[in-house]
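Each remark here refers to the structure printed beneath this line.
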Amino acid sequence: EFGLQWALKNSGQEGGTIGNDIGIEDVWEEFQDTGSIVVAIIDTGVDFEHPDLAANMWVNPGEVPDNGVDDDHNGYVDDIHGYDFVNDDGEPMDDNVHGTHVAGILGAVGNNAVGVSGVAWQAKIMALKFLSAAGSGTTSDAIPAIEYALANGAKILVNSWGDSNFNPALFNAILAADAGGALFFAAAGNNGRDTDEDPFFP
């Protein structure tokens with residue numbers, strides 16, 4: 001469905017303005033091998049069995065699947081594709097769809113005649129669930145998700161969430177991500193919100 005993805009290539013479909021896009025094809029001509037990049041999707045989880053995402057899911061090299069043991073001694077049992085901080089288990093399956101949607105924008109397998117094309121066709125997607133099926137979560141779950149991402153090699157952290165309250169502990173976790181050489185991407189708010197007048201954090 002790349003032909004429908006006007007944000008990637010706007011050919012005037014859906015009444016859009018030709019060329020009003022991110023120019024991704026020029027990037028793809030130079031960069032396609034993104035398989036070494038680990039991206040943490042800190043959200044409602046990710047459907048790691050999705051046919052357009054399964055091949056790009058990050059796999060914890062130190063963990064043995066479904067044996068009930070913390071093989072790599074990182075404090076998390078059976079964390080093969082990431083971790084679920086809501087239910088405190090190693091299966092961060094998305095029960096909301098938002099995290100899967102975000103993961104697809106970033107890392108859906110491209111040029112495979114299935115679904116959509118992600119921006120980075122081969123990036124490894126680490127699923128970190130801290131938002132519930134209802135889309136709500138706590139800072140006390142968000143911070144260990146950030147720490148997990150950094151400890152397990154993610155250099156890009158995607159955070160499509162937030163609220164109106166500034167939290168110093170979350171701010172310090174973001175500063176630690178920066179100090180660790182990671183890029184922390186945060187949502188800017190929706191619905192034309194003026195974030196100068198009505199701040200949205202992080």
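Of the residues V46, V97, V69, ranked by 1.4 Å probe accessible area with the largest first, the sequence reads V97, V69, V46. Do you know the relative contact order of the chain, to the nearest whole percent, from alpha carbon pairs under 8 angstrom that are 6+ apart? Relative contact order of the chain: 22 percent. Placing unit charges on each Cβ (+1 for Lys and Arg, -1 for Asp and Glu) gives the chain a dipole about its Cα centre, and among H101, N152, L183 the Cα reaching farthest toward its positive end belongs to L183. Dividing the convex hull volume of the alpha-carbon atoms in the chain by its residue count gives 138 Å³ per residue. Candidates G118, F130, H50 compared by Cα position along the dipole of the chain: farthest toward the positive end lies G118, with charges placed on Cβ.
Here the 3J(HN,Hα) profile of the range 137-149, calculated from phi with Karplus coefficients 6.51, -1.76 and 1.60 at θ = phi - 60°, is x, 10, 5, 5, 9, 5, 5, x, 5, 4, 5, 4, 4 Hz, Gly and Pro shown as x. L4 contributes an accessible area of around 100 Å² to the protein surface, as traced by a 1.4 Å probe with all chains present.
Rounded to the nearest 5, the antiparallel percentage of DSSP beta bridges internal to the chain is 15%.
Give me the distance between the Cα centres of the range 125-202 and the range 82-117, rounded to whole Å. So the two Cα centres are separated by 17 Å. Residues of the chain were split at every exposed loop site, defined as GluC sites (Glu not before Pro) in a DSSP loop with at most 14 other C-beta atoms within 10 angstrom, and the longest piece left, sites excluded, is 50-196.
What the pair-distance distribution of the range 1-121 shows, using all Cα-Cα distances binned every 10 Å from zero, is 13, 36, 30, 14, 6, 1 percent. By a 1.4 Å probe calculation restricted to protein chains, D33 has an accessible surface near 130 Å², given to the nearest 10. The charge dipole of the chain, taken about its Cα centre with unit charges on the Cβ of Lys, Arg, Asp and Glu (plus for the first two, minus for the last two), comes to roughly 420 debye.
In the chain, the DSSP-assigned H stretches of four residues or longer account for a calculated mean residue ellipticity at 222 nm of -6000 deg cm²/dmol, using -39500 (n - 2.57) per stretch and the full residue count as denominator.
S117 contributes about 10 Å² of solvent-accessible surface, heavy atoms of the protein only, 1.4 Å probe.
The values are calculated or read from the model by the stated rules, or taken from the named source; none is laboratory data. Quick caveat, the model's predicted, so the values are computed rather than measured. Methodologically, a virtual Cβ is constructed for each residue, glycine included, from the backbone with ideal geometry; neighbour enumeration extends over all protein chains shown. Note: accessible area is taken over every heavy atom of the protein model, side chains too, but ligands, DNA and RNA are not part of it. Shrake-Rupley method; radii C 1.70, N 1.55, O 1.52, S 1.80 Å.
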